[in-house]
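The values are calculated or read from the model by the stated rules, or taken from the named source; none is laboratory data. Predicted, not measured: the structure shown is a model, and the values here were computed from it. Each accessible area value is taken on the protein alone, full model and side chains, heavy atoms only, with ligands, DNA and RNA left out. Shrake-Rupley method; radii C 1.70, N 1.55, O 1.52, S 1.80 Å.
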Amino acid sequence: MDGDTRLEKYHEKRDFRKTSEPGGEKAGSERSRIFVIQEHDASNLHYDFRLAIDGVLKSWAVPKGPSTDPREKRLAVPTEDHPLEYADFEGVIPEGEYGAGTVLLWDKGTYRNLRSQKDKGKAKAATMPESYDDGHIEVWLKGEKLKGGYALIRTGKGKDERWLLVKMKDDEADARRNPVSTEPESVKSGRTIEELSQDHG
Ligand code: MN
């Protein structure tokens, strides 16, 4: 697969003379297993959930952010693939540029594909690219804030494509914990989104 083609939309939307976001010329190692969640205070505040699949960061915008409560189904709207280098990005995208606003690295870590082994749960074994194409991803997250199983399930198709991000039922599920509001600090800088926007203001 040609990495440059997959990152075309990412490059089209941005002027790298103006934004400090990474250029990310090429797709990276297909074996990378990182995940990242970036709080993004753009025109609408949302949390960008990204999973390294096949050398790019597959991305979803989650308006309410992730939950640790399995009863909460969080809407996740797919967005363009991002380069792997984006997983370290934190900063302010200037006014007038695509996605203008502050980006805070809210959580980062590695994941395991829960669908890679047979006889685990109901879903048939699948690689990550197969899971994505299926619209049924199950991963075990090992982040600083989020841990345990998370499922991403595709609902609508085409222009109405939507996914749901749901905490799976396991020992890490916790209906009382609400990390989006109780743990707002960056895992990179320790700062809040207000502090970051002032730093760069
Ligand atoms: Mn965003």
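Amide H to amide H, with H built 1.01 Å from N, residue 98 comes under 5 Å of 15, counting only residues 5 or more places away or on other chains. Dividing the alpha-carbon radius of gyration of segment 44-141 by the rule-of-thumb value 2.2 N^0.38 Å gives 1.19. The phi torsions of segment 65-74, fed into the Karplus equation with coefficients 6.51, -1.76 and 1.60 and a -60° offset, translate into couplings of x, x, 10, 9, 9, x, 7, 8, 9, 9 Hz, rounded to whole numbers, with Gly and Pro shown as x. The phi-based Karplus calculation (6.51 cos²θ - 1.76 cosθ + 1.60; θ = phi - 60°) puts the 3J(HN,Hα) values of segment 125-137 at 4, 7, 6, 4, x, 5, 4, 4, 4, 5, x, 8, 10 Hz, whole numbers, x for Gly and Pro. Once you reduce segment 72-143 and segment 18-69 to the center of their Cα atoms, the two points are 6 Å from each other.
For the residues 145, 108, a 1.4 Å probe over the protein chains yields an accessible-area ranking, largest first, of 108, 145. Amide H contacts of residue 174 (H built 1.01 Å from N, in plane; Pro and chain starts excluded): 69 sit under 5 Å, all sequence-distant by 5 or more or on other chains.
Database remark: amide H of residue 125 closer than 5 angstrom to the amide H of 119 (H placed geometrically; neighbours at sequence offset of 5 or more, or on other chains; Pro and chain starts carry no H).
The eigenvalues of the Cα gyration tensor, multiplied by 5 and square-rooted, give segment 1-69 an equivalent ellipsoid with semi-axes of 22, 18, 9 Å from largest to smallest.
Taking only the C-alpha atoms, wrap a convex hull around segment 75-193 and report its volume per residue in Å³ as a whole number. Before the final figure, lay out the partial values.
Working: hull volume 16.3 nm³, N = 119.
About 137 Å³ per residue, rounded to a whole number.
Rg and Dmax over the alpha-carbon atoms of the chain stand at 16.4, 53 Å.
Divide by every residue of the chain the summed helix terms, -39500 (n - 2.57) for each DSSP H run of at least 4, and state the resulting mean residue ellipticity at 222 nm, rounded to the nearest 500 deg cm²/dmol. Provide the component values of the computation, followed by the final result.
Values: 5 runs with 28 residues, N = 201.
Estimated from H runs of four or more residues: -3000 deg cm²/dmol.
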